[in-house]
Every structure is written in C-alpha cells, then in structure tokens.
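Step one of this worksheet: look at the structure below.
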Amino acid sequence: GVLRAVVLSGAGIALMGLFGLGLGAVVRHSAAALATYVGVVFVVGQLLLTVAPAAVRWVPLAIVGDSLGVSRTTPGDLSPWTGLAVLCGYAAVALGAGAWTLTRRDG
C-alpha cells in the first residue's frame with residue numbers, strides 16, 4: 001500500500017495542477033484564476049465541512065490527502081482508485097471547459 005500511496009500522491013498533485021490549468025484557461029486572468037483555484041480547492045472544502053460533512057470526501061484536496069496519500073483508507077473516505085478517477089474527472093472537465101472557451105474566445 002505504501003508504493004501505491006507514493007505514486008498516487010504524485011499523480012494527485014499533478015491532477016490538481018491540471019485542474020488549475022483548466023481553471024486558468026477558463027478565467028484567463030492570472031489573479032482571478034488563482035483566486036478561483038484557491039476558492040474552489042480550499043474554501044469550498046471548509047464550507048462543506050461545516051454545512052455537509054459527508055460531502056467533504058468529494059473535495060479535491062480531501063481526495064489527495066485522505067484517499068490517495070495514505071496506505072490504508074479510513075471508513076467513509078473514497079477508495080484510492082475511486083479518488084483517482086474523481087480527480088481525473090475534475091481535471092478533464094476543467095481542461096475541456098478551458099479548451100472550449102479558448103477556441104470560442106480566441107478562435
């Protein structure tokens with residue numbers, strides 16, 4: 001489980017970077033893209049923690065820390081492979097939206 005945790009931790013951080021790249025392509029302003037990324041990744045997770053604690057496991061930062069970066073998951077967290085699939089989905093949606101907006105705006 002340790003090798004999987006090490007490899008998936010790196011993959012999770014890379015997917016978070018791709019998620020940020022997609023948001024940056026959509027927003028297309030450096031400061032606004034950073035604010036959006038921080039808002040989505042950090043602030044939404046903290047708000048969900050107070051409003052709906054069961055939904056926190058779907059927040060990207062919680063997936064990286066609680067599902068991908070551990071050798072044994074705790075009950076209630078996503079499994080490592082499910083967490084990786086969810087992060088891939090977040091990155092794919094953000095990159096797809098970024099590509100779509102760039103072709104519409106700049107094309």
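The values are calculated or read from the model by the stated rules, or taken from the named source; none is laboratory data. On a predicted model such as this, the values are computed, not experimentally measured, just so you know. Don't worry about glycine lacking a Cβ; one is built from the backbone with ideal geometry, like all the others, and counts go over all protein chains shown. The protein model used for the area step is the full one, side chains on, heavy atoms only, and it has no ligands, DNA or RNA in it. Shrake-Rupley method; radii C 1.70, N 1.55, O 1.52, S 1.80 Å.
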Next on the checklist: Over 10 Å intervals from 0, what percent of Cα-Cα pairs in the chain sits in each interval?
Outcome noted: 16, 41, 31, 10, 1
Checklist entry - Using a basic spin-label model with each label point 7 Å from the Cα along Cα→Cβ, how many nm lie between residue 92 and residue 42? => result 3.0
Checklist entry - Quick one: if you stick a label point 7 Å off each Cα along the C-beta vector at residue 52 and residue 99, how many nm between them? => result 2.9
Next on the checklist: With a 1.4 Å probe and all protein chains left in place, how much accessible area per residue does the chain have, in Å²?
Outcome noted: 58
Checklist entry - Using the Cβ atoms and a cut-off under 14 Å, what net charge is assigned to the surroundings of residue 73, where Lys and Arg are +1 and Asp and Glu are -1? => result +1
Item to check | Positive minus negative residues near residue 49 (Lys, Arg vs Asp, Glu; Cβ under 13 Å) | outcome: 0
Item to check | Of the DSSP H helices in the chain, those whose Cα atoms cover at least 15 Å axially and whose Kyte score averages 0.0 or more | outcome: 2-27, 80-106
Next on the checklist: With a 10 Å cut-off between alpha carbons and a GNM built on the chain, which of 76, 65, 39 moves the most?
Outcome noted: 76
Item to check | Fraction of accessible area attributable to carbon and sulfur, the chain (%, probe 1.4 Å) | outcome: 73
